[in-house]
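The values are calculated or read from the model by the stated rules, or taken from the named source; none is laboratory data. Here the structure is a predicted model, which is why all the values come from computation and not from measurement. Neighbour counts are summed over all protein chains in view; Cβ atoms, including those assigned to glycine, are modelled from backbone coordinates with ideal geometry. Calculation scope for accessible area: heavy atoms of the full protein, side chains included, ligands and nucleic acids excluded. Shrake-Rupley method; radii C 1.70, N 1.55, O 1.52, S 1.80 Å.
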Amino acid sequence: MSQYKVDADARYAKSHEWARKEGDIVVVGISDYAQDTLSDVVYVELPAVGSEVVAGKQAAVVESVKAAEDVISPVSGKVVETNSQLADTPEIVNGDPYGSWFYKVEPGANIDAELAALMDADAYATFAAESAH
Amino acid sequence: MAKAEQQPLKTPLYDSHVEMGGRMVEFAGYLLPVQYPTGPTLEHAAVRNAAGLFDIDHMGQFELTGPDADLFLQYIQVWDIDQMRVLDAHYSLLLYSDGTVVDDIFLYRLPERWFIAVNASNRAKDFAWLEANALGFDVTLRDISDETCMLALQGPSAETILQRLTPADLSVIAARTAVETTLDGVPALFGRTGYTGEDGFELYFPAANAVDVWNAILVAGKDDGLLACGLAARDSLRFEACLPLYGHEIDATTYALEARMNWTIAWNKEFVGRDALLKMKLEGAPRLLVGFEMVEKAVAREHYHVASAGVEAGYVTSGMKSPTLDKFLGMAYVPAALSKIGTEIEILVRGQPKKAVIVKRPFYKPRYK
């Protein structure tokens with residue numbers, strides 16, 4: 001049993017980002033563990049729409065009362081939309097980490113392999129619980 | 001400095017914090033809650049709007065007595081204690097002879113003795129500094145930190161809450177004065193002091209009563225929006241009020257005048273560091289501590305570089321998104337020429353220059369009684 005919420009439809013990176021396939025696009029955000037560890041989020045720096053993000057590379061920055069943390073993109077692709085709500089109310093990440101997505105990408109050709117390399121919700125729940133110790 | 005190798009210490013309230021879900025971190029050699037499950041933003045707001053209770057027992061307390069106590073204290077710190085009546089409290093600084101800062105302290109003139117509150121991280125250093133300078137003075141200095149518990153109850157509802165636990169009439173206790181009374185039946189010293197920019201009290205009582213008193217205050221304030229608050233809220237509160245924090249705005253490499261601490265200094269007496277400061281006062285400090293607001297949104301964090309027209313021009317001492325003002329603010333040391341309000345500077349945020357502008361300090365005007 002995990003103390004952290006997970007979204008069953010998403011897949012997870014060891015660096016605590018999630019990626020969720022929604023039709024032809026992939027939505028990216030940070031996990032409940034990530035928001036809890038960061039504490040209150042005060043600012044999110046998002047990639048530009050139209051820019052390319054690369055799996056395993058920094059794509060965004062999340063700033064909390066505690067620290068600035070890089071958001072590592074779990075997937076590669078072209079950014080088609082960023083969550084404009086995060087500009088004025090970044091704190092929604094704390095309340096609803098799986099609803100408060102960061103950006104959406106039009107994935108590249110390797111998307112199936114990239115998603116397969118991520119953890120499923122059950123594996124991640126265990127991983128997050130262990131990371132807490 | 002030896003502390004780093006030691007196991008972190010615990011205050012008597014350690015178990016209480018853990019029970020309450022406090023996120024424990026090491027700070028100044030002690031394990032203390034950086035926040036409770038409520039989170040720093042709500043804890044901060046509680047102090048601005050209602051009240052917050054802080055375990056600040058890591059801080060040190062000294063007692064100074066003896067026939068030369070006044071003479072010695074007048075010499076070793078910057079404030080003019082002749083202006084202090086019995087039960088007055090005042091903020092002050094201990095300086096090195098070059099005008100840099102040993103520590104910032106709170107002085108309480110009590111009947112027949114002085115009570116001095118110092119920063120946790122500087123406790124051993126301060127004690128040694130005071131002892132070393134006391135040669136030739138007939139004084140006795142005692143470190144009473146371990147036997148004394150220190151809590152802070154801060155915020156506009158602090159008086160109402162505390163009044164339920166004490167026979168003393170708190171409505172007549174002015175800001176920067178103290179009263180010796182009881183707190184939930186325990187002998188205690190209350191200072192109408194604090195470091196949050198709000199009205200409130202700092203409470204000193206026997207460490208053996210720490211848990212009972214902590215719980216009694218939380219119960220007394222439960223219907224008034226009182227929250228237990230961690231180190232993060234304490235930092236953001238003092239930051240908004242532009243109160244310096246040792247190790248950030250002031251330390252052994254910063255001069256009291258460049259830190260804008262002129263208001264603490266009584267020039268009409270001799271004190272350690274006066275000659276060096278007077279020289280700086282006449283010549284002007286080459287750099288000054290300023291407040292700035294980010295024009296381009298970003299969190300300016302401690303140690304980030306400041307630039308002006310692409311040239312490096314100082315460093316950030318503290319910075320954050322102000323919870324009360326909802327702005328990205330910071331404090332920095334910059335060359336005096338750049339210190340004027342309205343001056344445009346840049347903060348290098350992860351290598352990227354972000355526009356900022358010098359603004360008036362404090363960011364939040366303290367609301368003392």
Determine which member of the set A:Ala19, A:Ala59 is within 14 Å of chain B (Cβ to nearest Cβ), touching a strand residue (DSSP E or B) at 6+ places or on another chain (Cβ under 9 Å) and under 21 Å from A:Ser76 (Cα atoms). A:Ala59
Would a scan of the stretch B:57-77 turn up a residue that is buried (at least 20 other Cβ atoms within 10 Å of the Cβ) and under 22 Å from B:Glu159 (Cα atoms)? yes
Check B:Val306, B:Val290, B:Val316 and return the single one that is free of Cβ contacts under 8 Å to residues at least 60 places away in the same chain, in a strand (DSSP E or B), within 20 Å of the chain's Cα centre (by Cα) and crowded, with 22+ Cβ neighbours inside 10 Å. B:Val316
Residue selected from the stretch B:326-350 under the condition outside any strand (DSSP E or B) and open to solvent by 60 Å² or more (accessible area, probe 1.4 Å), by the criterion nearest to B:Arg238 (Cα to Cα): B:Asp326
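For (1) farther than 30 Å from B:Ile76 by Cβ; (2) more than 14 Å from every other protein chain (Cβ to nearest Cβ), each residue gets a yes or a no:
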{"residue": "B:Glu270", "(1), (2)": "no, yes"}
{"residue": "B:Phe292", "(1), (2)": "yes, yes"}
{"residue": "B:Met320", "(1), (2)": "yes, no"}
{"residue": "B:Leu325", "(1), (2)": "yes, no"}
{"residue": "B:Leu338", "(1), (2)": "yes, yes"}
Would you point out which residue out of A:Lys14, A:Lys21 is more than 24 Å from B:Ala232 (Cβ to Cβ), part of a strand (DSSP E or B) and open to solvent by 60 Å² or more (accessible area, probe 1.4 Å)? A:Lys21
Hey, any hits in the stretch B:119-128 for a residue that's assigned by TED's automatic domain parsing to the domain that holds B:Phe27 and either closer than 30 Å to B:Glu249 by Cβ or in contact (Cβ under 8 Å) with a residue 40 or more places away in the chain (or both)? no
The lone condition B:Lys222 fails out of (1) free of Cβ contacts under 8 Å to residues at least 40 places away in the same chain; (2) over 30 Å from A:Asp40 (Cβ atoms) is (2)
Qualifying strands (runs of 3 or more DSSP E) (wholly inside the stretch B:158-219; at least 3 residues being on the phi > 0 side of the Ramachandran plot and crowded, with 23+ Cβ neighbours inside 10 Å): none
For the stretch B:227-273, what are the residues that are free of Cβ contacts under 8 Å to residues at least 60 places away in the same chain and farther than 19 Å from B:Val47 by Cα? B:Asn262, B:Trp263, B:Trp267
Can you tell me which residues in the stretch A:26-49 are among the aliphatic types (A, V, I, L, M) and either over 18 Å from A:Glu106 (Cβ atoms) or more than 14 Å from the chain's Cα centre (by Cα) (or both)? A:Ile30, A:Ala34, A:Leu38, A:Val41, A:Val42, A:Val44, A:Ala48, A:Val49
Restricting attention to helices (runs of 4 or more DSSP H) lying wholly within the stretch B:8-76, give those where 3 or more residues are touching a strand residue (DSSP E or B) at 6+ places or on another chain (Cβ under 9 Å) and within 14 Å of another protein chain (Cβ to nearest Cβ). B:40-49
